[in-house]
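A quick write-up on the structure given underneath.
The values are calculated or read from the model by the stated rules, or taken from the named source; none is laboratory data. Computed from a predicted model, the values in this text were never measured in an experiment. Please note: Cβ atoms are built from the backbone with ideal geometry, for glycine as well, and neighbour counts cover all protein chains shown.
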Amino acid sequence: MMKQEFNTNGRKLAGWAIVIGSAAFLALGSVAAQAAAVLSVSSGVDGCYELLAGQTTDAGDVCYTVDQQSLTVTYITEGGWELTEAQLWVGEDQDGYPMSKKGNPKIGNFPYNAGDITGATTHSFSVPLGNVQSVFDLDNLDAHCGESGTIYAMAHASVQLVDGNGSVVQSETGWSDGEPAVERGSWATRTVIDLSVTCDDGPTDPPSYFGQETALMLGNIVLNDGNDGICDDATAERWGWQDGPLAVGSYTNDTYAAAGNNVLSNGTLVGYVDIVVSSGNVTVTPVLFEGYEAEETHIYIGTAPVCSAAFGKDWKSNASTDIDTSNGVYVGVHFSVLGECNSNGNFCE
């Protein structure tokens, strides 16, 4: 097996694999690295608190999760306990819940009420975070990396314990575990929910693309030069290359953009192409370096050279799947590439 290389360097960002000789076609687009700002609940046990029935009995859990825009509060009973009702208040002011003059919660006035859910073992409320907190700009979480904030919940439930025969043997009031809401009177609890924003170390913005250039895979056959004895009848008026004949083996060829008249020093190295030739099968995998993105890609694979630079017409990735590689194959790859303006004057508007 032979390997032919044209000064390849850099690392893979994303690629396209076109397999000729089988039914497999894989297409992947270039994706810019993004910083991931994640808002999460950082209190409780994985965001969950015990659902206390009658102040001391563990009847299940109340779990708090966020999905960047909403807080989901889920009641889960266990051990034979069932829900009959559920009510919820969430806010940024710990004393902002509906209350009597003595501070006892007025459960019937809580904004979220499940109604009669007798027999249920789970129930969820979805609360828009924008309505209950002002610390985080939910549409710009990247600006809050490493920051934290607190909201409060009063999660009430009516629960019943059912025996193996389906008979109710005990009924209780339940609350999500937390601090006492009032010093005297109701034993209602207020759960403290800590929110935090974590971010990775990647860039927060995708690359800025200032211009477009034509790019081609480097090869040993020049498209617009009949002096090599291969494309003497070439109709191509553009610069570029193809490679071949390629015997069974693996190859790695550089890809250059804006290398007019085939002068590499005028061009920009934007990626490379991996080629694997086996018996009756050719795999072509173009790769662009980080900072470049393909608007379109054309691939030629054939048993004879392509003496045309009509890329959209004659260079197609859906070439015949019944290809004979015994006498070698010819490969060409063309891109329309987006990139940032550089010192060569390439990709400049």
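Structure above, values below:
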quantity	calculated
Counted residues, the range 58-72 - those being surrounded by fewer than 23 Cβ atoms within 10 Å (Cβ to Cβ) and touching a residue at least 40 places away in the same chain (Cβ under 8 Å)	5
Selection within the range 160-182 - surrounded by 13 or more Cβ atoms within 10 Å (Cβ to Cβ) and aliphatic (A, V, I, L, M)	161, 162, 181, 182
Restricting the range 183-218 to residues that are under 29 Å from residue 47 (Cβ atoms), among the charged types (D, E, K, R) and modelled with pLDDT of 90 or more, the residue that is surrounded by the fewest Cβ atoms within 10 Å (Cβ to Cβ)	194
Residue in the range 136-159 that is farthest from residue 88 (Cα to Cα), counting only those that are crowded, with 21+ Cβ neighbours inside 10 Å and not hydroxyl-bearing (Ser, Thr, Tyr)	136
Yes/no for residue 32 being out of contact with any Asp or Glu (no Cβ under 6 Å at 6 or more places or on another chain), modelled with pLDDT under 90 and among the hydrophobic types (A, V, I, L, M, F, W, C)	yes
Options 332, 328: the member that is at positive phi, over 28 Å from the mean Cα position of the chain (by Cα) and not charged (D, E, K, R)	328
Checklist (1) touching a strand residue (DSSP E or B) at 6+ places or on another chain (Cβ under 9 Å); (2) on the phi > 0 side of the Ramachandran plot applied to residue 103, failing item	(1)
Every residue from the range 92-122 that is surrounded by fewer than 18 Cβ atoms within 10 Å (Cβ to Cβ) and not in a loop (DSSP other than H, G, I, E, B)	108, 109, 112, 113, 120, 122
